[in-house]
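Below is one structure, written out as structure tokens; the observations come after it.
Where a number appears in this text, it was derived from the coordinates with a stated rule and is not lab data. Bear in mind the structure is a predicted one, so any value in this text is a computation, not a measurement. Because the Cβ atoms are built from the backbone with ideal geometry, glycine has one as well, and the counts that use them run over all protein chains shown.
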């Protein structure tokens with residue numbers, strides 16, 4: 001997922017999408033007229049022109065969608081189907097995404113600026129892999145078991161939690177939607193999906209695929225909306241579970257609002273992950289691997305390796321190699337398959353990144369490459385791939401999530417200092433270590449307090465738990481651990497001699 005892929009062959013720009021207009025909302029499986037009149041305009045981060053319009057869901061639309069989901073869960077067939085029947089529907093959703101993956105990639109690249117070559121693999125086919133992995137987990141999961149209790153035999157059941165509010169971000173919208181929808185649907189839950197106003201167009205494709213797959217009435221609604229309506233959704237008394245991906249500030253607010261109803265929450269939040277390069281690391285493999293993990297998706301990834309820790313004994317050598325690699329990244333139109341770094345999603349993100357570049361310079365860090373708008377790209381929300389050298393971990397550029405193509409090189413003395421610096425963060429989402437000694441790399445991985453770690457690579461495995469320590473979130477996605485987040489546990493005491 002992290003790789004900055006080689007240009008597709010043949011290298012021909014993908015045709016821009018025609019403007020997309022949706023006049024209805026997807027509620028309970030049907031396109032329905034909205035109850036409000038507000039409209040979301042989707043702006044191309046490359047051209048700064050309007051490429052789509054969709055209705056802005058209102059709080060009344062939320063009430064209607066939650067009521068549909070509640071009825072479908074309490075009275076409908078979905079939670080009462082056999083697991084195999086639900087797997088059949090979800091498999092058709094997965095197959096539908098596979099069949100339309102190029103269309104999905106093209107739309108997402110147009111919405112958020114993700115390079116098309118990366119969108120094909122991560123935004124679309126990556127989402128398909130998430131659906132597929134969830135099916136594998138569902139087949140092997142233990143839903144009911146008997147145990148010897150202190151006072152006799154007990155039956156332990158795992159039952160669907162109920163109505164789920166799934167709030168997804170703009171950076172990898174289909175991938176994150178799959179991480180929430182797939183386990184929720186497979187366990188028998190019903191879902192109200194809230195896509196970001198920056199990337200609502202691909203969500204309509206998902207709605208079409210779900211309907212064609214035979215998802216029953218009421219099981220899925222899709223409501224594009226802003227923060228105010230999102231807050232109304234997560235605070236709705238008809239919602240049993242919230243799964244949120246976004247910023248730390250927004251995650252804290254979700255948790256605060258959810259606490260009013262004691263609604264269960266899973267929060268996948270930000271990151272400031274460290275790639276630790278040990279003195280014995282191979283330059284020719286570690287540099288391209290880390291570059292891919294740092295600048296993937298234009299640096300707009302919560303798991304991006306944004307702090308690169310280099311041993312002082314080899315600092316100059318590695319800094320030169322990283323500077324050359326970052327300076328060689330191809331920046332441009334996200335629909336050009338040769339592009340490796342596209343525009344940021346919105347003008348506010350461009351300004352945010354440029355502000356952090358200024359702050360880094362004021363703090364005394366040295367720009368090794370980049371530092372402004374790319375030459376010749378005066379239109380679009382572009383920021384050059386920027387690499388800071390001689391960064392101290394106390395600097396804001398090393399501590400705060402920038403969410404863009406701005407990366408820091410931090411020198412360290414010995415291995416203990418490297419681990420200390422890696423752990424000296426409010427975040428704990430991802431990380432990696434690069435070394436000639438894999439066993440020693442695993443030892444380092446055990447010492448770094450973060451939810452996901454890689455040795456001499458960077459990846460997210462959809463059959464393992466993904467989530468963060470500290471401010472990076474609560475709960476897990478993927479694997480049986482993430483699947484279990486959508487289930488309640490019930491204990492049934494059995495009479496003497498009672499068996500199931």
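Relative to the longest principal axis of the Cα atoms of the chain, helix 83-99 runs at roughly 40 degrees.
Exposure proxy for 50, 130: other Cβ atoms within 10 Å of each Cβ, ordered fewest to most, give 50, 130. Here the peptides 216-224, 290-298 are ranked by packing, the mean other Cβ count within 10 Å, and the order with the highest first is 290-298, 216-224. Our summary gives the chain a relative contact order of 19 percent, counting only alpha carbon pairs under 8 angstrom and 6 or more residues apart. Summary value for segment 274-462: 28 percent relative contact order, contacts being C-alpha pairs under 8 angstrom separated by 6+ residues.
Which distance in Å, rounded to a whole number, links the C-alpha centroids of segment 173-217 and segment 480-495? That distance is 24 Å. Exposure proxy ranking for 489, 56, based on other Cβ atoms within 10 angstrom of each Cβ and starting from the fewest, stands as 489, 56. Relative to the longest principal axis of the Cα atoms of the chain, the long axis of helix 59-74 lies at roughly 60 degrees.
Going from the alpha-carbon gyration tensor of segment 274-462, what semi-axes, largest first and in whole Å, does one get by taking the root of 5 times each eigenvalue?
Ellipsoid half-lengths, sorted descending, are 26, 17, 16 Å.
Can you give the helix-only mean residue ellipticity at 222 nm for the chain, where every DSSP H stretch with n ≥ 4 adds -39500 (n - 2.57) and the sum goes over all residues, rounded to the nearest 500 deg cm²/dmol? Using -39500 (n - 2.57) per qualifying helix, the result is -11000 deg cm²/dmol. Computed from the alpha carbon atoms alone, the convex hull of segment 311-421 holds 108 Å³ per residue.
Ranked by the mean number of other Cβ atoms within 10 Å per residue, highest first, peptides 207-213, 229-235 order as 229-235, 207-213. R0 = 41 Å: FRET efficiency of residue 80 with residue 284, Cβ-based, nearest 0.05? Approximately 0.10, to the nearest 0.05.
Looking at segment 274-462 only, what percent of DSSP beta bridges run antiparallel? Nearest 5 please.
15 percent
I want the antiparallel fraction of DSSP beta bridges within the chain, as a percent rounded to 5. Rounded to the nearest five, the antiparallel share is 45 percent. Computed from the Cβ-Cβ distance with R0 of 22 Å, the FRET efficiency linking residue 95 to residue 463 stands at 0.65.
Listed peptides 386-393, 256-263, 420-427 appear in the order 386-393, 420-427, 256-263 once ranked by packing, highest mean of other Cβ atoms within 10 Å at the front. For segment 146-295, the equivalent ellipsoid built from the Cα gyration tensor has semi-axes of 32, 25, 18 Å, listed from largest to smallest. Counting other Cβ atoms within 10 Å as a rough exposure proxy, the listed residues 61, 378 run 378, 61 from fewest neighbours to most. To the nearest ten degrees, helix 201-212 and the longest principal axis of the Cα atoms of the chain are 30 degrees apart.
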